[in-house]
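Structure first, commentary second.
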Amino acid sequence: MNLIFIILDSFRQDHISFYNHGSVVFDDVPACKTPNIDRFAQDCVVFENAYPCGLPTIPVRCELMTGQYTLPYRPWEPLTPREVTVAEILRREGYVCGLISDTYHYRAPGMNFHRGFHAYRWIRGQEYDPYVSSPSRRRVDDYANANYPEVWRSRVHQFLANTDDFTDEADWFSAKVVAEAVEWLEKNRVHKKVFLWVDSFDPHEPWDPPEGFDTYTDHGYAGSRLILPMGGPVEEWATPEEVRYIRGLYAGEASFVDHCLGTLFARLKEHGYYDDSLIILLSDHGHPLADHGKFLKGTDRMYSELLKLPFMVRLPDGLRGRRTDALVQFPDVLPTVLEILSLGNNIGSMHGKSFLRILTGEAEAHRDATITGYYDGVERCIRDREWSYVQRPKDEPDELYNLRIDPGERCNLIDESPGEAKRLASKFGNYFKRQEGRVVKGIQGKYELASGSLR
């Protein structure tokens with residue numbers, strides 16, 4: 001049995017039609033269309049409640065690759081020599097392992113997440129990857145408004161410089177990732193067992209979809225093309241028209257990723273991988289689009305727009321279209337994969353627990369509750385299938401939402417239902433809370449602290 005991981009960065013669950021039945025997410029932005037992922041979902045066990053534990057990008061991938069928790073003890077940092085990864089495990093079992101990614105944090109000096117792979121290919125230039133040093137031929141003012149400070153303008157400029165020569169749809173990052181993945185799969189079909197980790201940074205910001213995928217934006221909009229939104233309270237830097245436009249760019253980016261995946265799925269079928277592979281499609285997390293007043297990820301944004309993500313598992317026998325609301329967390333993924341591959345004797349020391357019985361339909365529940373947070377953030381979100389409890393700093397009120405009657409998390413019920421908050425809080429002890437006085441390393445400036453100041 002072959003193994004194929006398809007990881008999409010920052011893809012919100014509610015922007016996949018299969019999950020929300022094609023409904024609009026924002027009243028002023030058309031519903032995002034994802035026909036290729038929707039068709040793939042028909043052949044999958046689709047999870048409604050799969051959650052990361054430690055955020056963001058790099059801690060999440062460490063959980064997926066090792067089956068270990070990263071919260072509360074592992075910040076954004078390189079893979080350590082002590083960690084054992086899925087590639088290292090499968091390599092010893094005779095798998096030929098490949099990694100294809102434009103997620104540029106992987107290839108940053110010393111990160112070492114390619115360890116154990118027989119082949120790895122980096123697609124350069126995403127976000128503000130220091131790829132091009134010559135000035136962009138485009139004006140930053142066309143992509144930033146007057147409220148953007150110099151640090152943000154320089155980030156926009158780097159992305160523009162990286163992508164100045166994009167002219168054809170095939171130049172865009174998602175298309176390049178898929179093209180490289182298809183080539184690797186075709187050439188390695190001669191091997192008995194292959195493992196491919198396909199990691200697309202899109203639809204992570206900046207959101208600059210190619211022509212034909214900007215149909216979600218208001219064509220009467222006359223402002224700057226704000227491809228890289230800032231954090232902080234949105235009313236301090238963007239107008240309602242700009243917010244609507246940015247949301248449309250995100251939907252266009254997500255739609256383009258789906259379009260590119262259509263090619264990947266077609267090639268998987270053409271070369272027989274669709275029938276003899278375990279295929280897993282997921283996102284590392286969602287992305288706030290000012291749902292609660294801010295764009296971007298942040299330690300204080302413990303809501304569904306960040307936490308709810310797509311997670312789909314296709315077994316080789318193709319169990320069709322079954323959905324489950326069982327709670328799982330990312331450390332559970334690798335133990336499950338290894339058990340499916342008849343390698344379950346490797347999982348004894350992993351934090352995660354296999355949810356194979358959920359996939360086979362032998363069980364309907366896996367975890368009682370999940371916990372999510374950032375290493376250096378005080379906030380923690382503890383959830384079950386009905387309630388979401390957000391632990392805030394001592395000087396701020398905690399929050400409690402009933403996800404079934406209030407999926408948008410607008411009505412804080414912490415005073416009306418303190419018993420539910422206490423019940424959820426009891427699921428995880430002080431071990432998972434941030435220990436004051438720790439030194440935070442390697443945060444990379446990728447998200448915001450609760451105060452809103454950029455790291």
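Go ahead and collect, in residue order, the members of segment 1-39 whose backbone nitrogen is under 13 Å from a label point 7 Å along the Cα-Cβ direction of K269.
Answer for this model: 36-39.
Along the Cα→Cβ direction, 7 angstrom out, place labels at R322 and D27. What is the inter-label distance in nm?
About 4.0 nm separates the two model spin labels.
What helices in the chain pass both tests, a Cα length along the helix axis of 30 Å or more and a mean Kyte hydropathy of -1.0 or higher, using whole DSSP H runs? If you can, show how the numbers build up before the last one.
On the way: long enough: 240-270 (46 Å, -0.11).
Long hydrophobic helices here: 240-270.
Could you give the length gained on full extension between Y73 and H191, defined as 0.36 nm per residue of separation minus the Cα-Cα distance, in nm?
Result: 38.6 nm gained on full extension.
Taking the Cα centre of the chain as the origin and placing charges on Cβ (Lys, Arg +1; Asp, Glu -1), which of M302, V156, T217 is farthest toward the positive end of the dipole?
Ranked along the dipole, the leading option is M302.
Please list, by residue number, everything in segment 196-240 whose backbone N is under 15 Å from a paramagnetic label point 7 Å out along Cα→Cβ of D141.
Answer for this model: 223-225.
Simple spin-label model, 7 Å along Cα-to-Cβ: N112 to R153 in nm?
4.0 nm
Between [x] 57, 56, 43; [y] 92, 65, 39; [z] 59, 42, 41, which matches Cα extents along the principal axes in Å calculated for the structure shown?
Computed from the coordinates, Cα extents along the principal axes in Å corresponds to [x].
Taking the Cα centre of segment 2-378 as origin, sum charge times position over the Cβ atoms of Lys and Arg (+1) and Asp and Glu (-1), and report the length of that vector in debye to the nearest 20.
Rounded to the nearest 20 debye, it is 1220 debye.
Checking the table K33/K308; K294/K353; K193/K269; K187/K353; K192/K353; K33/K187 against a 26 Å threshold on Cα-Cα, which pairs fail?
On the way: K33/K308 18 Å; K294/K353 34 Å; K193/K269 17 Å; K187/K353 34 Å; K192/K353 28 Å; K33/K187 32 Å.
As for pairs spanning more than 26 Å Cα to Cα, those are K294/K353; K187/K353; K192/K353; K33/K187.
Could I have the simple spin-label model distance between A365 and E235, label points 7 Å from Cα toward Cβ, reported in nm to one decimal?
Each label point lies 7 Å from its Cα, and together they span 4.2 nm.
Only counting other Cβ atoms within 10 Å, I'd like Y128, Y95, Y250 sorted with the fewest neighbours first. Could the numbers behind the result be given before it?
On the way: Y128 18, Y95 23, Y250 28.
Fewest to most other Cβ atoms nearby, the residues stand as Y128, Y95, Y250.
Hey, what number do you get for the chain at 222 nm if only DSSP H runs of n ≥ 4 count, each worth -39500 (n - 2.57), divided across all residues, to the nearest 500?
The helix contribution divided over the chain gives -7500 deg cm²/dmol.
Rule-based calculations on the coordinates, nothing more; no lab input. Nothing here was measured: the structure is a model prediction, and the numbers come from that model. So basically every Cβ, Gly included, is an ideal-geometry build from the backbone, and we count neighbours across all protein chains shown.
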